[in-house]
1. Which one of these does Ser2 not meet: (1) buried (at least 16 other Cβ atoms within 10 Å of the Cβ); (2) hydroxyl-bearing (Ser, Thr, Tyr); (3) free of Cβ contacts under 8 Å to residues at least 40 places away in the same chain?
2. Considering only residues that are within 19 Å of the chain's Cα centre (by Cα) and in a loop (DSSP other than H, G, I, E, B), look in segment 121-139 and name the one that is modelled with the lowest pLDDT.
3. All but one of (1) under 20 Å from Leu21 (Cα atoms); (2) not in a loop (DSSP other than H, G, I, E, B) hold for Phe174; state the number of the condition that does not hold.
4. Select from segment 182-191 the residues that are in a loop (DSSP other than H, G, I, E, B) and either acidic (Asp, Glu) or out of contact with any helix residue (DSSP H, G or I) (no Cβ under 8 Å at 6 or more places or on another chain) (or both) and write down the one among them that is nearest to Ile117 (Cα to Cα).
5. Which of the following residues is within 17 Å of Val89 (Cα to Cα) and acidic (Asp, Glu): Glu138, Glu133, Glu161?
6. What is the one condition in (1) under 30 Å from Glu35 (Cα atoms); (2) at pLDDT 95 or above; (3) aromatic (Phe, Trp, Tyr) that Tyr219 does not satisfy?
7. Does Leu179 satisfy being of a type in the set (A, V, I, L, M) and either out of contact with any strand residue (DSSP E or B) (no Cβ under 9 Å at 6 or more places or on another chain) or buried (at least 16 other Cβ atoms within 10 Å of the Cβ) (or both)?
Amino acid sequence: MSIVANIKEIEKETSTKGVTLVAVSKTKPIEMLMEVYNAGFKRFGENYVQELTEKYESMPKDIEWHFIGHLQSNKVKYIAPFVSLIHSVDSFKLLQEINKQAAKNNRVIDCLLQIYIAEEDTKSGMTEEECLEILQSETLKNLANIRIVGLMGMSTFTDDENQVRKEFRKLKTFHSSLLSSHPYLKTISMGMSGDYAIAIEEGSTMIRVGSKIFGNRSYPT
């Protein structure tokens with residue numbers, strides 16, 4: 001199937017369930033993204049700041065860019081002028097920097113707090129306790145240029161579907177526990193190419209799909 005057919009297939013699966021699809025386009029050439037864009041899809045996720053800024057500069061300006069990779073504080077300034085949603089906020093310090101750079105650009109940037117749910121060290125994120133601390137912090141009220149709109153989590157890279165399901169369920173349970181006091185946390189971003197079906201069953205409202213759309217990633221040698 002073509003990449004356009006792939007995306008339409010996944011959209012068909014998700015749209016009836018109220019799930020938003022982010023096409024993860026990291027390492028993919030602009031021509032490939034434009035093929036999808038020309039078919040009417042305009043929501044892309046990138047992991048690397050430099051690659052994201054290069055694509056932003058070269059592509060149409062009505063694209064909704066999501067940053068989904070680990071974000072260093074000193075790189076925020078490069079994406080602050082245009083990024084739509086940052087999925088991977090893993091500390092209060094990073095949130096403060098996003099707020100600072102958003103203010104310089106006269107913008108309010110939507111953010112997701114990344115919660116550590118996996119049983120492996122390669123994944124990052126904050127604990128549930130750290131998340132609660134941020135949400136209850138008086139200082140948060142002064143950050144007028146960011147808007148926390150939900151949570152994000154990445155499961156363990158494993159073939160054990162029960163473990164993946166358990167991790168997604170844990171995040172969903174935590175998310176649900178926050179909603180009465182923080183009703184603005186509407187988004188729960190979990191699920192990628194290998195596990196998005198499970199994520200949707202467990203309550204995800206946003207999935208990040210790359211290889212299922214574009215094929216396997218090609219890294220420069």
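1. Failing condition for Ser2: (1).
2. Per the stated criteria, the residue is Thr122.
3. Of the numbered conditions (1) under 20 Å from Leu21 (Cα atoms); (2) not in a loop (DSSP other than H, G, I, E, B), the odd one out for Phe174 is (1).
4. Going through segment 182-191, the residues in a loop (DSSP other than H, G, I, E, B) turn out to be 182-186, 190-191.
Among the residues that remain, those that are also either acidic (Asp, Glu) or out of contact with any helix residue (DSSP H, G or I) (no Cβ under 8 Å at 6 or more places or on another chain) (or both) are: 183-184, 186.
Working: Pro183: 22, Tyr184: 22, Lys186: 19 Å.
Ranking the qualifying residues of segment 182-191, first place goes to Lys186.
5. On the way: Glu138 fails: within 17 Å of Val89 (Cα to Cα); Glu161 fails: within 17 Å of Val89 (Cα to Cα).
None of the other options fit; the residue is Glu133.
6. Of the numbered conditions (1) under 30 Å from Glu35 (Cα atoms); (2) at pLDDT 95 or above; (3) aromatic (Phe, Trp, Tyr), the odd one out for Tyr219 is (2).
7. Details: of a type in the set (A, V, I, L, M): yes; either out of contact with any strand residue (DSSP E or B) (no Cβ under 9 Å at 6 or more places or on another chain) or buried (at least 16 other Cβ atoms within 10 Å of the Cβ) (or both): yes.
Against the criterion (of a type in the set (A, V, I, L, M) and either out of contact with any strand residue (DSSP E or B) (no Cβ under 9 Å at 6 or more places or on another chain) or buried (at least 16 other Cβ atoms within 10 Å of the Cβ) (or both)), Leu179 qualifies.
The values are calculated or read from the model by the stated rules, or taken from the named source; none is laboratory data. Since the model is a prediction, treat every value here as computed from it, not as a measurement. So basically every Cβ, Gly included, is an ideal-geometry build from the backbone, and we count neighbours across all protein chains shown.
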